[in-house]
Amino acid sequence: MKPIRVIGAGLAGCEAAWQAARLGVPVILCEMKPTRYSPAHKYPGFAELVCSNSLRSAQLSNAVGLLKEEMRRLGSLVIGCADQTQVPAGAALAVDRERFSDLITERIKENPLITVISEEVEEIPSDGVTVVATGPLTDGKMAGAISDLFGGDELSFFDAVAPIVEGDSVDLSVAYFASRYGKGEPTDYLNCPFTREEYDAFYEALLHAELAPLHDFDAEAQKELTVFEGCMPVEVMAKRGYDTLRYGPMKPIGLPDPRTGREPYAVVQLRRENAAGTMYNLVGFQTHLTYGEQKRVFGMIPGLRDASYVRFGVMHRNTYIHSPGRLSPQYETTSRTGLFFAGQMTGVEGYVESASSGLIAGVSAALRARGEKPTGFPASTVIGSLGHYVAEGTIGKFQPMNASFGLLTPLAYKVKGGKRKRNDEYANRSLEMIGELNARLFGDAEKEV
Ligand SMILES: Cc1cc2nc3c(=O)[nH]c(=O)nc-3n(C[C@H](O)[C@H](O)[C@H](O)COP(=O)(O)OP(=O)(O)OC[C@H]3O[C@@H](n4cnc5c(N)ncnc54)[C@H](O)[C@@H]3O)c2cc1C
């Protein structure tokens, strides 16, 4: 059988190569390190974690915790190696990053079906089955080749992203539905109203909140981006003066609170992010605060005290495809059968999410190489829901997305006992589907990594 080609031995590329080999398909894996490193990569091993060493929550009641369990049951290389190199981190799965990378490198190199080639690939192969997984810092000729493939202007290079919260975690005894001046559908926006005292406390907290560390290459790009008012981080705007936010993203004009009939002192608007209303975006709140500070400071917004975050705001360089309509839920291009993309560049966000897309792309590429049709991963699983998000997008601008229960097909029935019980139901439903999928795809294949 002709080998499939995987470009990039990061989290997604390693997972894709591993899964294809598990299905008996030979793989050529090309990695440019150690000849060339991106500005964030430093370690010669594969699947390098470029920033935090945490793969986030290990709990099934959390979407990324459930995603890891799904992947574990599907024989994931990345999660298997993370389990074996973990360090104590409370309810999270964190790893010793060098042992993690070394173990993955070793497993890949000793796999008889995988041939590793150390080279920078500058173009997308014109035939055969290929998975491109060159990551969010893809540059040079490969970035040009990807851009050309999608019509010349389809890559985003810098992310200035506002947080997204789960719709049912917003306190509706405080927030209210309304569109400015009554234009459009009132249900498109939820409004969080501030009194003067609440605004003062929030403003002070925002001024002194802790920022995430910035890489040099991000600092340059951020400087350029901040020139555009629409992309300015909310904390930078606050530093311009006490009233800047009240005349900007927190403007209350045209948004009277139906309970008082009066306009509040300030308002944070939440825009519906999907048709089901399970996700809401904090309008104009792109930010560079640390995740912890976003939880603390944005938790002071009336109505968001107990908000669950689908994704936090980020500002960093990020090359990603505008995937809806261009990739299928199996991460295959709709324009060319046999050409797949995987990892952060497809529009998923995070280490685990990137690896999860590699898992689907690797399995699907192997099936193509065997002359079979790629299997669907249902949107009732977290891994499948991310593929569907990438292929279908949401109402607003397409932006990279973390795992979230808000992306799953809603349950067909109401669950009593609160969010935790509802999430347990999501987990039960998903793991049942994963069991069936696993049996169908791998049969008796070795499941332990
Ligand atoms: C600065 C930064 C910090 C981040 N921090 C976090 C974090 O703390 N937590 C989190 O969950 N997510 C984080 N992310 C997001 C994301 O999870 C990671 O970027 C993740 O590594 C993406 O996995 P990937 O497989 O898509 O790409 P990568 O892991 O970057 O892998 C891409 C691989 O392809 C290789 N490559 C690139 N171009 C070529 C080429 N032309 N030919 C051959 N090989 C090539 C690279 O050397 C690399 O090994 C961060 C992203 C960035 C940019």
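The values are calculated or read from the model by the stated rules, or taken from the named source; none is laboratory data. Keep in mind it's a predicted model, so treat the numbers as computed, not measured. Positions of Cβ are backbone-derived with ideal geometry, glycine not excepted, and every protein chain shown enters the neighbour counts.
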When the range 92-108 is checked residue by residue, the ones that are among the small types (Gly, Ala, Ser) and at pLDDT 95 or above are SER101
Within the range 138-160, of all residues that are away from the ligand (no atom under 12 Å from the Cβ) and at pLDDT below 80, the one surrounded by the most Cβ atoms within 10 Å (Cβ to Cβ) is ALA160
When (1) more than 23 Å from ILE7 (Cα to Cα); (2) more than 16 Å from the ligand (Cβ to nearest atom) are applied to GLY384, the one that fails is (1)
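Yes or no, residue by residue, for (1) within 21 Å of GLY325 (Cα to Cα); (2) part of a helix (DSSP H, G or I); (3) among the β-branched types (Val, Ile, Thr); (4) in the same structural domain as PRO233 (by TED's automatic domain parsing):
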position: ILE146; (1), (2), (3), (4): yes, yes, yes, no
position: ASP168; (1), (2), (3), (4): no, yes, no, yes
position: SER173; (1), (2), (3), (4): no, no, no, yes
position: GLY184; (1), (2), (3), (4): no, no, no, yes
position: LEU190; (1), (2), (3), (4): no, no, no, yes
Restricting the range 26-44 to residues that are of a type outside the set (Asp, Glu), within 13 Å of GLY8 (Cβ to Cβ) and in contact with a helix residue (DSSP H, G or I) (Cβ under 8 Å, 6 or more places away or on another chain), the one farthest from the ligand (Cβ to nearest atom) turns out to be VAL27
For the range 112-124, the count of residues that are surrounded by fewer than 14 Cβ atoms within 10 Å (Cβ to Cβ) and over 19 Å from THR35 (Cβ atoms) equals 1
Within the range 112-137, restricting to residues that are touching a strand residue (DSSP E or B) at 6+ places or on another chain (Cβ under 8 Å) and of a type in the set (S, T, N, Q), the one that is farthest from the ligand (Cβ to nearest atom) is THR115
A careful count of residues in the range 263-299 that are aliphatic (A, V, I, L, M) and assigned to a strand (DSSP E or B) gives 7
Screening SER57, SER61 for residues that are within 16 Å of the ligand (Cβ to nearest atom) and in the same structural domain as LYS419 (by TED's automatic domain parsing) leaves only SER57
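When you look at GLY362, is it within 15 Å of the ligand (Cβ to nearest atom) and over 17 Å from VAL27 (Cβ atoms), yes or no?
Considered against the rule, which asks whether it is within 15 Å of the ligand (Cβ to nearest atom) and over 17 Å from VAL27 (Cβ atoms), GLY362 comes out as no.
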Within the range 257-296, residues among the polar types (S, T, N, Q), under 18 Å from ASP171 (Cβ atoms) and surrounded by 15 or more Cβ atoms within 10 Å (Cβ to Cβ) come out as GLN269, THR278, ASN281, GLN294
Screening GLY325, GLY277, GLY292 for residues that are within 16 Å of the ligand (Cβ to nearest atom) and of a type outside the set (Phe, Trp, Tyr) leaves only GLY292
Based on this model, can you work out whether VAL50 counts as within 14 Å of the ligand (Cβ to nearest atom), touching a Ser or Thr at 6+ places or on another chain (Cβ under 9 Å) and either free of Cβ contacts under 8 Å to residues at least 60 places away in the same chain or of a type in the set (D, E, K, R) (or both)?
yes
inquiry  = Based on this model, can you work out whether ALA89 counts as closer than 30 Å to MET315 by Cα, in a helix (DSSP H, G or I), in contact with a Ser or Thr (Cβ under 9 Å, 6 or more places away or on another chain) and modelled with pLDDT under 95?
reply    = no
